[in-house]
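Asker: My structure is below; once you've seen it, I'll send some questions.
The values are calculated or read from the model by the stated rules, or taken from the named source; none is laboratory data. Quantities reported herein were computed from a predicted structural model and do not represent experimental measurements. Methodologically, a virtual Cβ is constructed for each residue, glycine included, from the backbone with ideal geometry; neighbour enumeration extends over all protein chains shown. Ligands, DNA and RNA are stripped out before the accessible areas are found, and what is left, the full protein with its side chains, is counted by its heavy atoms. Shrake-Rupley method; radii C 1.70, N 1.55, O 1.52, S 1.80 Å.
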Amino acid sequence: MEKRSKFSFFSSSSPKSLPSSPHSFTSPASPLHQVFTQSTMDEAIERAEAIIKKWDPNTPSFTKIVSLFNHSRKEAKEFIKCARDLRKTMHFLVSQDSQSPKLALAQTLMQIAMTRLEKEFFQILSSNRDKLDPESVSGQSSTSTNSEFEDDYDEDDDDEMKKANESITKVEKASAVVMSDLKAIAECMISCGYGKECVKIYKRIRKSIVDEGLSLLGIEAYKGSRLHRTDWVTLDHMIKNWIKAAKIGVTTLFRGEKLLCDHVFSASNSTRESCFYEIANEAATNLFKFPEFVAKEKKSHERIFSLMDLQAAISDLWQDIEMIFHYDSVSGVKSQALMSLQKLKVSIHNALTDFESTVHKDSTKALTPGGGIHKLTRSTMSFISSLSEHSSVLSEILADHPLPRNTRLLESYVIMLEEEEHNHALSVHFAWLILVLLCKLDTKAEHYKDVSLSYLFIANNLHFIIETVRSSDHLRHLLGEDWITKHDDKLSAYVANYEISAWSYVYMSLPEEPTELSPEEAKIYFRRFHSAFEEAYMKQSPRVVPDAKLRDELKVSIAKKLVTEYREFYGKYLPMLGQERNIEMLVRFKPDNLENYISDLFHGTPILASSSVSSSSSTSWMSLGRVSS
């Protein structure tokens, strides 16, 4: 502490120019001057001189190396009281005789007292970091609001503190004592006009602690140029670490620091705001620059999830940010956090647009074998399903960027979804993304030369899309049951079209209406049916339906139409041909064999032409090979 001039405690003899204090003083005509007599003034100086000189840090006694507050809290309390009384005495002396020798003595004693308290303040702050950690401080925010060194301290207050202490841990009790000491010293020094020295120490020590805490959490001084050169794997790791660190930094580190500032400097609003600004502003602003830098980086749509995680992290912390950084001096922290949120929103929307464009422009021409599920369907629906898990983030962004109703297809989706009670903009956008995929799949289906295979391809992929929506709680909630029902109807139509295009020739190979046929006519129909079935079977055997339920439903539907009619025809006309030679060459399929053949379909196992139906139903069955259903 710099040595002050003889009367530096006062800037003038006017009471109005005296340092501000939590304990205001009255004018010379007040009761203070009636009570403060010459004798009480002398007693106050004597008491102060005795204890202050005892603890003079510049004397060679043991008190030079021993902490007053650690040595005797009772004596520390007395020291603080004497310093306060000395301040009152100096006020009285100034009002009576500004040239009094006793005023010079009081000033000297005040200088010694403040030097001792400055040393104590530094020692307490630097040696009790474990007791002033954010969690301990947060625990004391509601139990240590008053200093036990205040003038109105009495036995009742002591009893109340003891009762309060019974409900907290030993660590919290120790923290409460340290915070109480710091507050008592700060109030005394500020009221005596030595707040500048006190605040300077506090800012320096606590800022280093905050900076160190953030460093241990992995937070560094972020620069956009460095992040621009960082590969995505490393950047993604930094994002995950930042989300964890930001939560701890805001809810624990900065919150605890704010509470400690408010507690220690509760007597002065301007002081605690100034301290918190110096300690937290730079570090907190740097913390929230990171998401902005990340948002500015060029990224493909696959990285949208990291951006949404950052967006969600800041949004979740926003209430704490507003509460902790409510001072005007630290409003820049809130502004930086808002800027990062805005940049992230823009980047997320751009990523969504990029995703839609990627699906729309997909140019892969490789056909999926057997009409199975296209890799674009799998990747797109996986992406959309993951997107739906971030509905809270996307809803706000998409509300600001509604899709234009410029197509009949989109308009029909909008009308459908308006009937459901959902987040409308979000639901429409998800429906639109799936519609873009379906349109692309429709284009890809045109590349198949066989019409029936095109229908099966669309059916397989549409079924996969519907089941993805149905199995995702988020997507199902967003799109609604009506969406699922309507697309189930579309799926049924595609399946029916496949059946017609793939098997209608076989259906028509039998007589359409019940009629009496001659043996020769019956033989013609048997040959025609066998030829049609064999051709259709060979053609459809490489086809695949990956979903077991859909596969079984399709086989049952085909068998119901085909086997039922053939069984009736077989039972009616086979006896008519009983005298025919080589009957097994003419009637190569029994109804039961037919069911077995159909049950082997849609596993994607092609049957070679050389393995065609042989002369008997049994040898035909063996040559075609049995594929487990």
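Asker: Tell me, what is the per residue accessible area of the range 361-499 in Å², probe radius 1.4 Å?
Answerer: Values: 6460 Å² over 139 residues.
On a per-residue basis, 46 Å².
Asker: From the phi of every residue in the range 480-488, what ³J(HN,Hα) in whole Hz does the Karplus formula 6.51 cos²θ - 1.76 cosθ + 1.60 yield, where θ is phi - 60° and glycine or proline is x?
Answerer: For the range 480-488, the Karplus-derived couplings read x, 5, 5, 4, 4, 4, 4, 7, 4 Hz, x marking Gly and Pro.
Asker: Moving on to the next point. Using the heavy atoms of the protein chains and a 1.4 angstrom probe, tell me the accessible area per residue for the range 508-598 in square angstrom.
Answerer: On the way: 5000 Å² over 91 residues.
Ligands and nucleic acids excluded, the result is 55 Å² per residue.
Asker: While we're looking at this one, here's another question. In whole angstrom, how far apart do the alpha carbon centroids of the range 463-481 and the range 255-283 sit?
Answerer: With the range 463-481 and the range 255-283 each reduced to a Cα centre, they are spaced 51 Å.
Asker: Further question: Once R0 is set to 56 Å, what does the formula 1/(1 + (r/R0)^6) return for the Cβ-Cβ distance between S315 and T59, expressed as a FRET efficiency to the nearest 0.05? Present the calculation step by step, with values, prior to reporting the outcome.
Answerer: Working: r = 58 Å, r/R0 = 1.04.
Step by step, r from the Cβ atoms, then E = 0.45.
Asker: Structure shown: which of K539/K560; K207/K244; K54/K88; K200/K343; K539/K561; K244/K298 lie over 28 Å apart, alpha-carbon to alpha-carbon?
Answerer: K200/K343
Asker: Could you work out how far apart the two model spin labels at H349 and K298 are, taking each label as a point 7 Å from the Cα in the direction of the beta carbon, and quote it in nm?
Answerer: That separation, rounded to one decimal, is 2.2 nm.
Asker: What order do you get for 190-198, 568-576 when each peptide is scored by the mean count of other beta carbon atoms within 10 Å, highest first?
Answerer: On the way: 190-198: 21.2, 568-576: 15.1.
Ranked by mean Cβ neighbours within 10 Å, highest first: 190-198, 568-576.
Asker: Ignoring any ligand, DNA or RNA, what whole percent of the accessible area of the range 508-598 comes from carbon and sulfur when the probe is 1.4 angstrom? Write down the numbers at each step before the final one.
Answerer: Details: 2500 of 5000 Å².
Carbon-and-sulfur percentage of accessible area, whole number: 50.
Asker: Rounded to a whole number, what is D in µm²/s for the range 508-598 from Stokes-Einstein with the Kirkwood radius over alpha-carbon pairs (37 °C, 0.692 mPa s)? Numbers along the way, then the final one.
Answerer: On the way: Rh = 14.2 Å.
Roughly 231 µm²/s, to the nearest whole number.
Asker: Per the 1.4 Å probe, what fraction of the accessible area of the range 168-287, in percent, lies on carbon and sulfur atoms?
Answerer: On the way: 2730 of 4960 Å².
Carbon and sulfur atoms account for 55 percent of the accessible area of the range 168-287.
Asker: Per residue, what accessible area does the range 203-345 have, given a 1.4 Å probe and all protein chains present, in Å²? Mind showing how you got there, number by number?
Answerer: Numbers: 6420 Å² over 143 residues.
Value returned for the range 203-345: 45 Å² of accessible area per residue.
Asker: Using only the C-alpha atoms of the range 203-345, find the volume of their convex hull and express it per residue in Å³. Intermediate values should be presented prior to the final figure.
Answerer: Working: hull volume 13.4 nm³, N = 143.
With only Cα atoms used, the range 203-345 gives 93 Å³ per residue.
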